[in-house]
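A short write-up of the structure that comes next.
The values are calculated or read from the model by the stated rules, or taken from the named source; none is laboratory data. Since we're looking at a predicted model, the values are computed, not measured. Quick reminder, even Gly has a Cβ in these numbers, built from the backbone with ideal geometry, and neighbours come from all protein chains shown.
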Amino acid sequence: MHIIVGLGNPGTRYERTRHNVGFDVVREIADGCDVRLEEKRFNARMGKGRVAGEAALLVLPQTFMNLSGDSVGPLAGFYKVTREQVVVIHDDLDLPFGVVKVKAGGGHGGHNGLRDLTKKLGGADFSRVRVGIGRPPGPMDTKAWVLAKWMPEETKTLDAVRKRAGECVEAVLQDGAKEAMNRFNGCGPV
């Protein structure tokens with residue numbers, strides 16, 4: 001079994017924000033695979049099903065972004081899932097909007113959700129699907145940028161971005177992170 005985790009913050013205040021793109025991608029995957037995210041355990045909303053032919057648990061931690069590991073760590077332990085069977089979808093300031101990349105392991109790059117997951121999972125060797133949100137314009141504060149709603153011009157291509165991120169997740173499950181990296185990391189923005 002794989003655990004597919006979307007990083008985000010719970011509550012209507014954070015819906016349709018850049019920081020919640022991980023939640024949005026998991027919801028899209030769930031819709032496409034007819035998985036209901038109705039089960040509430042481990043401080044998460046989740047649902048079981050098949051993604052790309054593989055058994056998967058789709059997870060939306062309800063602990064807020066910076067404490068995502070409080071949900072995912074115990075969940076992985078309960079289901080006896082290794083870090084290598086965890087796929088995390090998250091926003092990435094270092095990628096331009098519309099760029100989606102796969103990464104196998106690595107550092108947290110200043111992302112507090114990844115930092116907490118690494119700590120609570122006991123290592124960083126989980127796969128990531130990085131969804132570019134770009135850097136804030138001008139002197140805008142980074143925190144304000146990631147918590148802001150998408151701009152109208154971004155919403156025009158957001159469906160395609162979420163779709164590509166979902167395809168990246170499927171490729172990781174089917175072929176492994178390295179093969180998914182080869183397939184998707186050379187692609188430009190959608």
Residue list for segment 159-190, filter: assigned to a loop (DSSP other than H, G, I, E, B) and crowded, with 16+ Cβ neighbours inside 10 Å: Val190
Near pairs, Cβ below 8 angstrom, 6+ apart or cross-chain, from segment 123-137 (within 9 Å of Leu93 (Cα to Cα) and among the aromatic types (Phe, Trp, Tyr)) to any residue that is buried (at least 17 other Cβ atoms within 10 Å of the Cβ) and at pLDDT below 95: none
Failed condition for Leu95, given (1) surrounded by fewer than 17 Cβ atoms within 10 Å (Cβ to Cβ); (2) without any contact (Cβ under 8 Å) to a residue 40 or more places away in the chain; (3) assigned to a loop (DSSP other than H, G, I, E, B); (4) out of contact with any helix residue (DSSP H, G or I) (no Cβ under 9 Å at 6 or more places or on another chain): (1)
Failed criterion for Gly32 (all others in (1) over 14 Å from the mean Cα position of the chain (by Cα); (2) farther than 18 Å from Val131 by Cβ hold): (2)
Test: residue in segment 106-125 that is buried (at least 21 other Cβ atoms within 10 Å of the Cβ), within 28 Å of Arg13 (Cβ to Cβ), charged (D, E, K, R) and modelled with pLDDT of 95 or more: yes
Subset tally (residues that are part of a loop (DSSP other than H, G, I, E, B), over 15 Å from Asn66 (Cβ atoms), aliphatic (A, V, I, L, M) and in contact with a helix residue (DSSP H, G or I) (Cβ under 8 Å, 6 or more places away or on another chain)) for segment 102-148: 3
Test: residue in segment 56-72 that is assigned to a loop (DSSP other than H, G, I, E, B) and touching an Asp or Glu at 6+ places or on another chain (Cβ under 8 Å): yes
First in segment 20-43 and at positive phi, second anywhere and aromatic (Phe, Trp, Tyr) and at pLDDT 95 or above, Cβ under 9 Å, 6 or more apart: Phe42/Phe78
Lys101 being touching a Lys or Arg at 6+ places or on another chain (Cβ under 8 Å) and either on the phi < 0 side of the Ramachandran plot or among the hydrophobic types (A, V, I, L, M, F, W, C) (or both): yes
